[in-house]
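The values are calculated or read from the model by the stated rules, or taken from the named source; none is laboratory data. Since this is a predicted model, take the numbers as computed values, not measurements. Cβ sites come from the backbone with ideal geometry, for glycine too, and all protein chains shown count toward neighbours. Accessible surface is based on the protein model in full, side chains and every heavy atom, while ligands, DNA and RNA are left aside. Shrake-Rupley method; radii C 1.70, N 1.55, O 1.52, S 1.80 Å.
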4 protein chains.
Amino acid sequence: MNKVRLGIIGAGRIGKVHAASVSDPSVQAVPMAITDLNRNAAEEVAARFGIPRVTDDASQILNDPEIDAVLICSSTDTHSDLICQGARAGKHIFCEKPIDYDLSRIDRALDTVKKAGVKLQIGFNRRFDSNFARVRKAVSSGEIGTPRLMHIISRDPAPPPIAYVKVSGGMFFDMTIHDFDMACFLIQDEVEEIYAAAGNLVDPEIGKAGDVDTAVITLKFKSGVIGTIDNSREAAYGYDQRVEILGSKGSISTGNCYPNQAIISTGKEVRRDLPLNFFMDRYAESFANELRSFVRALVDNTPTEVTGYDGRVPVLMGMAAKRSYEEGRPVKLQEFAAAVAR
Amino acid sequence: MNKVRLGIIGAGRIGKVHAASVSDPSVQAVPMAITDLNRNAAEEVAARFGIPRVTDDASQILNDPEIDAVLICSSTDTHSDLICQGARAGKHIFCEKPIDYDLSRIDRALDTVKKAGVKLQIGFNRRFDSNFARVRKAVSSGEIGTPRLMHIISRDPAPPPIAYVKVSGGMFFDMTIHDFDMACFLIQDEVEEIYAAAGNLVDPEIGKAGDVDTAVITLKFKSGVIGTIDNSREAAYGYDQRVEILGSKGSISTGNCYPNQAIISTGKEVRRDLPLNFFMDRYAESFANELRSFVRALVDNTPTEVTGYDGRVPVLMGMAAKRSYEEGRPVKLQEFAAAVAR
Amino acid sequence: MNKVRLGIIGAGRIGKVHAASVSDPSVQAVPMAITDLNRNAAEEVAARFGIPRVTDDASQILNDPEIDAVLICSSTDTHSDLICQGARAGKHIFCEKPIDYDLSRIDRALDTVKKAGVKLQIGFNRRFDSNFARVRKAVSSGEIGTPRLMHIISRDPAPPPIAYVKVSGGMFFDMTIHDFDMACFLIQDEVEEIYAAAGNLVDPEIGKAGDVDTAVITLKFKSGVIGTIDNSREAAYGYDQRVEILGSKGSISTGNCYPNQAIISTGKEVRRDLPLNFFMDRYAESFANELRSFVRALVDNTPTEVTGYDGRVPVLMGMAAKRSYEEGRPVKLQEFAAAVAR
Amino acid sequence: MNKVRLGIIGAGRIGKVHAASVSDPSVQAVPMAITDLNRNAAEEVAARFGIPRVTDDASQILNDPEIDAVLICSSTDTHSDLICQGARAGKHIFCEKPIDYDLSRIDRALDTVKKAGVKLQIGFNRRFDSNFARVRKAVSSGEIGTPRLMHIISRDPAPPPIAYVKVSGGMFFDMTIHDFDMACFLIQDEVEEIYAAAGNLVDPEIGKAGDVDTAVITLKFKSGVIGTIDNSREAAYGYDQRVEILGSKGSISTGNCYPNQAIISTGKEVRRDLPLNFFMDRYAESFANELRSFVRALVDNTPTEVTGYDGRVPVLMGMAAKRSYEEGRPVKLQEFAAAVAR
């Protein structure tokens, strides 16, 4: 395969990001077609990035013999079905997270992918951020010895609209899912037990909608590593994403990301500008990197860097966190029969 | 009271620190006598700081009409009795932490102090560190709004000898007790429930001695604030003491403390020297400040900044943490009848 | 003008960078043709970025009626002639720095541009770096009050080959020229007098080749601001680019740039990875931004952000620095008749 | 000598600091007497630090056989005479900087000290700051290789009263003198040539009083190292003292000093508190350390760490800086006959 011929399903915010990434001349891929329920959106993206074909119908892309791989950027409820259709049609698949919120639907999708023998990559873009990649490398290389304690800080600038909160699947699935993946990615081990302390400290409306907005989730890994995830739907100063790991030989930690490094000292304070406030700015590079990684896996015929299994684990962890919070006790992942099955 | 006349009970490491602090000419106090089971140690400190009287017998100090206040720096098992004796003799008391590991003994001491109408300050010196004091001020002043999440990192450079571990009362009482106090000091609220995830990741010998060496303790405050304490008996790079609070209007965090601010950039890395490695260096200023605060409370006849009640709470929290770890579940402080009683 | 049709003269390192920048779908430009003395190099870049035409002859690009603007990325000795040819052919021009080392040739080029009424932008890409742009904004907005002192640190990781040193025009023209531009860009004032202290501390071979490798250049601006430029052909830890300005209301400073923000603490030191070591990495964003700015100036018909005059000033400053170093005295820019003439 | 018996001449601000330092029980010294033209000031200090004798007359201290050493903390114009008197009386001498502004008077004092065979230490306290000491160590140990470039930033929070400016000897003598010493201390080499660019950017009244308030001073060392000193009589954000050295193997730099390490992130900015604003706070530790060093040199009979010659050099450098500024040219230290003489 010389240039991967891609079809894009979904022309929303994230579809646009991926369309831009694959249009980079240094990426060995060429976008062939794009589809969206909102045809205007698809037309606009096609025009901007010179994508030759636009269609209303995802199946046209999934069945196009001139297309090697599809990027699934549509709404979450369509992911697992599209994965199945794409796999059956022999397409390699890049799918946005989460695969689904239902383990059986996830498993059906993963089975279909396995049988079809196609490649699947899940959109955990943060793995491709230079900071987090560096932390993982410190663990892999033994630079900090054997990990013992891990902390993830992951805070959004402001809560989403209540209408969104109601359909989001809840903070543990909508927001923490990225952090669950990050925890496994960094420690390179499986989580056995989860304890979620959470509450409504940001906005009582979120509570009325049945969700929490503030949480500390404790993870116990099989190796004995103890980790925490700090989640808040609101941080006055903006988006905040940091990690820290203590190992037997030392620690590694990453600070938040800023638009510039300027320090201003005045008669009142020593200050810098607010951090990069939007995940699209903060993770711009990682979005481009994950697509490059996916294309490279196809061109070189190597495994993808984020597998379907990697996409399944955080959903299971979300289920355990939810139950832990609801029942006020630590919950083992083994409690979920489906988990044991795999 | 113009100059507070002090007696020092205990001439060990911490007794020496306090003897130096009260010898500072800018402190309105004068050390009158010192005692230690090891008379040589007491003689040595007396000579160095010009303390006129040395005795083998603490009761000589406790009953000396020329002494206004005593600093109890002896071993933990003697604290509550000495507090009672001192209080009955009408002495104001500065006592090292912890008061005791037994709630009934603590309560007896606090009752005696109360009846005697003397002042009591417990040696939670970290409250007087400029970094932590600044964090508390940010909470008190509303600078970061209403607190929501709190994290304390508290790691020792290396574990104590196993012989010490066996008599230490366990990590939750010996080490976390400082962090329990810090949590209450910073958030200025009471803790309702504690969940302790812990294990032996540093040294299996510590486990054999019946203790843990690594822990993450989750705290739920009455106000809903969720906090964590990260404890490790070993950090390869040295002593590490940091805190972070997220509030409704922003966050405040403090970094670790270093002997200098020099940054060296070479062909291999950009680096700085290791942090202040010993708690006596790291907290030198706070030890001096706490004594100043105690003397000031006597001279000005104001309440002490760390009360007997402040000394009782962390012991209760340690009991909850221990039970939580042993039973693998969150534990409410109310489970301890004695706690409810006060 | 909807999409600017561009011709690229020079397919070397910097030509490739600009070819990539203008291939970005979000830039309103389309590369039409490329030329290089080394036709293979031009072919390769054309293939990579889908540039339709390749030619051996720059004049074919300069005279192509379907081309609106040219990017001059060839060797310095060809710049002024190509500017003249392009201007006469009515092309807008983006030209790499420096325009030339000879004031009369620069002036001839600027006059030709002026008469032709075309736009000219000089490739001082660092102006488009987010850090330096932020510093300039602090000056422009009055955030730090009236500037008083300014420092620029500008160090290369390693000296160029001696063969290059011999034809480079000397460190003041080859390296400091960027810093001279930065000084004027940040302070937004003209320099009156220059004093250059310099020497050979890196490599005596550079001295034998008639050049210096280490310098501190003091600048006196008309407004009284005093500035320094620190230049070294070698910094063991890598590329280093920082600025600091002290004004009446405060200061602003920028640190060096790193590939990640991870801090590793071990038993030996607290360290981070080395800075971004290559100017192509360090300034990747600023190269893209300067091309965007040029294209925008053409599309919107506004003045370019870096004018021909901006390209002339640093050459004059280089002449003064050279004379100052050779004669061991401060040199006023007025000493150069040509300078006064404009 | 077991405990050095000290007399203190001058009970002003700096006299008080030294009185406190020598009262520290861990210093092998005992203050015996204090004198000041203002007897009340001397009485007050004596009472506070338990100094037994107070006198109006410095010669009583200088001739007291029970006094081993004197601390000269009186006004600059009295320094050289007091040094001579003290030396003739066989006292070891600690003298505040500068020795004098007149080379011949300095030389007379140094000759007298030499003949008397007593020890002399000059009060360049900054050498004893942990940051600057660390930088010097990096040079001495070869950690950064051979030095090439050096920068000192030294800014005061606000200019002194005009009345003081008039008698201060000028900024180069009053303020830069510390930085001249620091430059020599860090690079451990002699300066050959000085170029001072300076002006009145802070307050025109300072100019009317015949002084400058803003300067960049370029130093050329014998070894070829090029250095700069950045001086400002005003920095809106407070006291600012930093250094940076680039050597063949790397660089070392120190940041400014702050009262705490807390970082506050709000919806407006990420900030920290202002730096330690007063030299007494910033250098508290270094003042104590220099007295310790002096006492140790007496007790151990070793050379003092800051010699009379070290006190002479910065005055000579001040003279060169002044002439350079007045004549607008680089000035070699050899221009001063007296300099050559030694």
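Residues that are basic (Lys, Arg), within 25 Å of residue B:241 (Cβ to Cβ) and within 24 Å of the chain's Cα centre (by Cα) do occur in region A:241-248, at least one of them. Scanning region A:266-287 for residues that are facing chain C (nearest Cβ under 7 Å) and either of a type in the set (S, T, N, Q) or assigned to a helix (DSSP H, G or I) (or both) yields a total of 1.
Table: residues versus (1) within 18 Å of the chain's Cα centre (by Cα); (2) closer than 23 Å to residue B:118 by Cβ; (3) at pLDDT below 95.
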residue: B:4; (1), (2), (3): no, yes, no
residue: B:9; (1), (2), (3): yes, yes, no
residue: B:23; (1), (2), (3): no, no, yes
residue: B:64; (1), (2), (3): no, yes, no
residue: B:75; (1), (2), (3): yes, yes, yes
residue: B:81; (1), (2), (3): no, yes, no
residue: B:86; (1), (2), (3): no, yes, no
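Among the conditions (1) away from chain A (no Cβ under 14 Å); (2) open to solvent by 30 Å² or more (accessible area, probe 1.4 Å), residue C:214 misses just one, which is (2).
So, residue D:220, is that one among the basic types (Lys, Arg), more than 7 Å from every other protein chain (Cβ to nearest Cβ) and surrounded by fewer than 24 Cβ atoms within 10 Å (Cβ to Cβ) or not?
So residue D:220 fails the test.
Can residue B:247 be described as at pLDDT 95 or above, at the interface with chain D (Cβ under 10 Å from one of its Cβ atoms) and open to solvent by less than 30 Å² (accessible area, probe 1.4 Å)? Outline the logic, then answer.
On the way: at pLDDT 95 or above: yes; at the interface with chain D (Cβ under 10 Å from one of its Cβ atoms): yes; open to solvent by less than 30 Å² (accessible area, probe 1.4 Å): yes.
For residue B:247, the condition - at pLDDT 95 or above, at the interface with chain D (Cβ under 10 Å from one of its Cβ atoms) and open to solvent by less than 30 Å² (accessible area, probe 1.4 Å) - is met.
Total residues in region B:143-172 satisfying the condition of being open to solvent by 20 Å² or more (accessible area, probe 1.4 Å), away from chain A (no Cβ under 14 Å) and touching a residue at least 24 places away in the same chain (Cβ under 8 Å): the figure is 4. Only one of the numbered conditions (1) open to solvent by 40 Å² or more (accessible area, probe 1.4 Å); (2) over 25 Å from residue B:328 (Cα atoms) is violated by residue A:209, and that is (1). Among the residues of region C:188-199, are any of a type outside the set (Phe, Trp, Tyr), in contact (Cβ under 8 Å) with a residue 12 or more places away in the chain and within 25 Å of residue A:263 (Cα to Cα)? Checking region C:188-199: at least one residue is of a type outside the set (Phe, Trp, Tyr), in contact (Cβ under 8 Å) with a residue 12 or more places away in the chain and within 25 Å of residue A:263 (Cα to Cα). Within region C:120-142, the residues that satisfy the criterion of being more than 13 Å from chain D (Cβ to nearest Cβ) and outside any helix (DSSP H, G or I) are C:120, C:121, C:122, C:123, C:124, C:129, C:141.
Every residue, every condition in (1) within 21 Å of residue B:10 (Cα to Cα); (2) of a type in the set (Lys, Arg), yes or no:
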site: B:73; (1), (2): yes, no
site: B:77; (1), (2): yes, no
site: B:80; (1), (2): yes, no
site: B:90; (1), (2): yes, no
site: B:97; (1), (2): yes, yes
site: B:102; (1), (2): no, no
site: B:145; (1), (2): no, no
site: B:149; (1), (2): no, no
site: B:186; (1), (2): no, no
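If the condition is being closer than 28 Å to residue C:15 by Cβ and among the small types (Gly, Ala, Ser), then region C:235-286 contributes C:235, C:238, C:284, C:286. Summed over region A:254-265, residues that are at the interface with another protein chain (Cβ under 7 Å from one of its Cβ atoms), of a type in the set (S, T, N, Q) and crowded, with 20+ Cβ neighbours inside 10 Å total 2. Every condition in (1) surrounded by fewer than 22 Cβ atoms within 10 Å (Cβ to Cβ); (2) more than 14 Å from chain D (Cβ to nearest Cβ); (3) in contact (Cβ under 8 Å) with a residue 40 or more places away in the chain holds for residue B:233 except the one numbered (1). Of all the criteria given as (1) closer than 25 Å to residue C:332 by Cα; (2) open to solvent by 10 Å² or more (accessible area, probe 1.4 Å); (3) at the interface with another protein chain (Cβ under 7 Å from one of its Cβ atoms), the one not satisfied by residue D:228 is (2).
Scanning region C:296-336 for residues that are in contact with a helix residue (DSSP H, G or I) (Cβ under 8 Å, 6 or more places away or on another chain) and either open to solvent by 70 Å² or more (accessible area, probe 1.4 Å) or without any contact (Cβ under 8 Å) to a residue 40 or more places away in the chain (or both) gives C:302, C:303, C:305, C:309, C:322, C:323, C:325, C:332, C:334, C:335. Residues that are over 20 Å from residue B:68 (Cα atoms) and within 14 Å of chain D (Cβ to nearest Cβ) within region B:1-44 comprise just one, B:44.
Does region C:233-251 contain any residue that is out of contact with any strand residue (DSSP E or B) (no Cβ under 9 Å at 6 or more places or on another chain), small (Gly, Ala, Ser) and farther than 21 Å from residue C:314 by Cα? Talk me through it step by step, then tell me what you get.
Step one: of region C:233-251, the residues out of contact with any strand residue (DSSP E or B) (no Cβ under 9 Å at 6 or more places or on another chain) are none.
No, that holds for no residue.
For region A:175-223, give me each residue that is under 18 Å from residue A:242 (Cα atoms) and β-branched (Val, Ile, Thr). Result: A:176, A:177, A:187, A:214, A:216, A:217, A:218. Screening residue C:180 with (1) buried (at least 19 other Cβ atoms within 10 Å of the Cβ); (2) out of contact with any Ser or Thr (no Cβ under 8 Å at 6 or more places or on another chain); (3) within 14 Å of chain A (Cβ to nearest Cβ) gives one miss only, at (3). Among the residues of region C:195-206 satisfying the criterion of being over 28 Å from residue C:75 (Cα atoms) and not small (Gly, Ala, Ser), which is least open to solvent (accessible area, probe 1.4 Å)? Looking at residues that are over 28 Å from residue C:75 (Cα atoms) and not small (Gly, Ala, Ser), I get C:195.
May I ask you to verify whether residue D:136 is within 22 Å of residue C:228 (Cβ to Cβ) and of a type in the set (Lys, Arg)? I'd like the intermediate steps shown before the answer.
Numbers: within 22 Å of residue C:228 (Cβ to Cβ): no; of a type in the set (Lys, Arg): yes.
For residue D:136, the condition - within 22 Å of residue C:228 (Cβ to Cβ) and of a type in the set (Lys, Arg) - is not met.
The number of residues in region B:273-293 being open to solvent by less than 30 Å² (accessible area, probe 1.4 Å), more than 14 Å from the chain's Cα centre (by Cα) and in contact (Cβ under 8 Å) with a residue 60 or more places away in the chain comes to 1.
Please specify each residue of region B:183-203 satisfying the condition of being closer than 17 Å to residue B:222 by Cβ and facing another protein chain (nearest Cβ under 8 Å). Lay out the reasoning, then the answer.
Here is the first cut: in region B:183-203, the ones closer than 17 Å to residue B:222 by Cβ are B:183-195.
Within region B:183-203, B:195 is the sole residue that qualifies.
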